[in-house]
């Protein structure tokens, strides 16, 4: 040994092994669990909203099919009759039966306006829903009635 250099007798430094990525620290496990929980809750809420609005999607598809079928035939009164029954079924699917079932005439149109936040039924083309089911010779603006029904199906709450 060299007395002049006391560090020469020391062994070289041994570094610890590099920190691996697995297994993660407990904080990462907690974060992963919270992310999975949030993802599951989001998926459950999305499925619930989708299931609750299934009637709305079906009614919109049926309205479009009815519109295409009656528009080609020029049967505006038939469209109004079908649309009236369709809106009634959609309203019964969404609202309490005791609230919707007894409505007729002006009260039915007022309900559609109130629930759809519009005035297209009491003061517009939607008035044909009251007349057309009982008067096959009644005429109406089929395009405007279709737009009013489509908007109600989309916007009612």
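No value in this document is a laboratory result; all are computed from the given coordinates. Keep in mind that this is a model prediction, so the values were computed, not measured. Please note: Cβ atoms are built from the backbone with ideal geometry, for glycine as well, and neighbour counts cover all protein chains shown.
Taking only Cα atoms and a 10 Å spring cutoff, compute GNM fluctuations for the chain and point out the largest among 116, 20, 40.
Result: 20 has the largest fluctuation of those listed.
What is the spin-label model distance, in nm, from residue 71 to residue 52 if the labels are put 7 Å beyond Cα along the C-beta direction?
3.2
Over the Cα atoms of the chain, each weighted equally, I'd like the Debye log10 I(q)/I(0) at q = 0.13 Å⁻¹, rounded to two decimals.
These q points yield log10 I(q)/I(0) values of -0.69.
Rg to Rh for the stretch 24-98: what is it, with Cα atoms only and Rh by Kirkwood?
1.39
Can you give me the angle between helix 142-155 and the longest principal axis of the chain, using Cα atoms only, in degrees from 0 to 90, rounded to the nearest 10?
Orientation of helix 142-155: about 40 degrees from the principal axis.
Taking the stretch 32-73, how much of its Cα-Cα pair set, in percent, is spaced more than 12 angstrom apart? Numbers along the way, then the final one.
Details: 594 of 861 pairs.
Above the 12 Å cut-off, the stretch 32-73 has 69 percent of its Cα pairs.
Test of understanding: in a Gaussian network model of the chain with alpha carbons linked when under 10 Å, which of 46, 28, 108 would top the mean-square fluctuation ranking?
Its mean-square fluctuation being the largest, the pick is 28.
Using the alpha-carbon atoms, what tilt in degrees (0 to 90, nearest 10) does helix 105-116 show relative to the longest principal axis of the chain?
For helix 105-116, the angle is close to 20 degrees.
Mind telling me which of 36, 63, 87 comes out most flexible in a GNM of the chain, alpha-carbon contacts under 10 Å?
36
Using alpha carbon centroids, what distance separates the stretch 131-147 and the stretch 32-65, in Å?
34
Contour minus end-to-end for residue 18 and residue 98, with contour as 0.36 nm per residue of separation and end-to-end as the Cα-Cα distance? Provide the component values of the computation, followed by the final result.
Numbers: separation 80, 0.36 × 80 = 28.80 nm, distance 7.13 nm.
Extending this stretch completely gives an extra 21.7 nm.
So what is the relative contact order for the chain, in percent, with contacts set as C-alpha pairs under 8 Å and at least six apart?
Values: 114 pairs, mean separation 35.6, N = 157.
Dividing the mean separation by the residue count of the chain yields 23 percent.
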